[in-house]
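Asks: Would you mind keeping the following structure in view while I ask a few things?
The values are calculated or read from the model by the stated rules, or taken from the named source; none is laboratory data. Just so you know, these numbers come straight off a predicted model, no measurement behind them. Here the Cβ positions follow ideal geometry from the backbone for every residue, glycine too, while neighbour counts run over all protein chains shown. Note: accessible area is taken over every heavy atom of the protein model, side chains too, but ligands, DNA and RNA are not part of it. Shrake-Rupley method; radii C 1.70, N 1.55, O 1.52, S 1.80 Å.
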Amino acid sequence: MTVETLPKPSRESARVKLLRAAVEVIRAKGYSATSVDELCAAAGVTKGGFFHHFDSKESLAVAAAGFWSETTAALFAAAPYHDYAAPLDRVLGYIDFRASLIAGPLAGFTCLVGTMVQECYGTSAAIRDACGASIFGHAESLEADLDLALAQYAVRGTTARSLAQHTQAVLQGAFILAKAGGGHQAAAASVAHLKRYVELLFQPTKGGGP
């Protein structure tokens, strides 16, 4: 899920170029190992240009988390799973769509905000909160369909919010397994287990629904 797959204007501001560079470089190297000089070089922006738009690398990281949320939201809003009529089919379609994104280099399909929060949760409250807003905000986008599906199948013992957040826990864990050496196969297997779990949770014989 690279930002290159998203709509890109023909002429971008230095600020947007820096945000795009942050998404790519930090996902590949991590936050601490990424320098302002590297970000400027990747963006084709001078250091003076950097500090015109951002007070520090931390402030760029916070802005990059918001940029990540906005750009990936556009990707998911246009995804085909929204075309399914039934809410459960939309949820399962979302999981299939996530599985389809596990391709190419690790830095291309792993998550910027997941990468940063793992590293910075104890050292930068600003980055932690920005990453949290992105992760929990994306989870919220699944809640309406999950709420409808839970009601339709009369599933008890969980909520749409907790189940939506569980999907993100599995996805972030899948990315960690991939980075730890399991690669695409380990990540894809985790997402497949997530789909099986959701299918079992909504089985009519267990949930009592249609």
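Asks: Checking the conditions here, which among Val91, Val113 is over 30 Å from Gln152 (Cβ atoms) and of a type in the set (A, V, I, L, M)? Break it down stepwise before answering.
Replies: Values: Val91 fails: over 30 Å from Gln152 (Cβ atoms).
Being over 30 Å from Gln152 (Cβ atoms) and of a type in the set (A, V, I, L, M) holds for just one of Val91, Val113, which is Val113.
Asks: Please determine whether any residue of the stretch 16-38 is within 23 Å of the chain's Cα centre (by Cα), exposed (fewer than 13 other Cβ atoms within 10 Å of the Cβ), over 19 Å from Phe109 (Cα atoms) and at pLDDT below 95.
Replies: There is no residue in the stretch 16-38 that is within 23 Å of the chain's Cα centre (by Cα), exposed (fewer than 13 other Cβ atoms within 10 Å of the Cβ), over 19 Å from Phe109 (Cα atoms) and at pLDDT below 95.
Asks: Every residue in the stretch 133-162 that is exposed (fewer than 15 other Cβ atoms within 10 Å of the Cβ) and either closer than 21 Å to Pro204 by Cα or not acidic (Asp, Glu) (or both), please. Show your work before the answer.
Replies: Within the stretch 133-162, the first condition is being exposed (fewer than 15 other Cβ atoms within 10 Å of the Cβ), and the residues that meet it are 136-137, 140-141, 144, 151, 154, 156-159, 162.
If the condition is that a residue be exposed (fewer than 15 other Cβ atoms within 10 Å of the Cβ) and either closer than 21 Å to Pro204 by Cα or not acidic (Asp, Glu) (or both), then Phe136, Gly137, Ser141, Ala144, Ala151, Ala154, Arg156, Gly157, Thr158, Thr159, Ser162 are the ones that fit.
Asks: Say we look at the stretch 70-104 and pick out the residues that are open to solvent by 60 Å² or more (accessible area, probe 1.4 Å) and aliphatic (A, V, I, L, M); which of these is farthest from the chain's Cα centre (by Cα)? Full working, then the answer.
Replies: The first filter runs over the stretch 70-104 and keeps only residues open to solvent by 60 Å² or more (accessible area, probe 1.4 Å), leaving 70, 77-78, 80, 82-85, 89, 96, 100.
Applying the additional criterion that residues be aliphatic (A, V, I, L, M) yields 77-78, 85.
Numbers: Ala77: 13, Ala78: 15, Ala85: 25 Å.
If we take residues in the stretch 70-104 being open to solvent by 60 Å² or more (accessible area, probe 1.4 Å) and aliphatic (A, V, I, L, M), then Ala85 is farthest from the chain's Cα centre (by Cα).
Asks: Here's something else I'd like to know. If we keep just the residues of the stretch 118-132 that are outside any helix (DSSP H, G or I) and open to solvent by 30 Å² or more (accessible area, probe 1.4 Å), which is farthest from Leu200 (Cα to Cα)?
Replies: This residue is Thr123.
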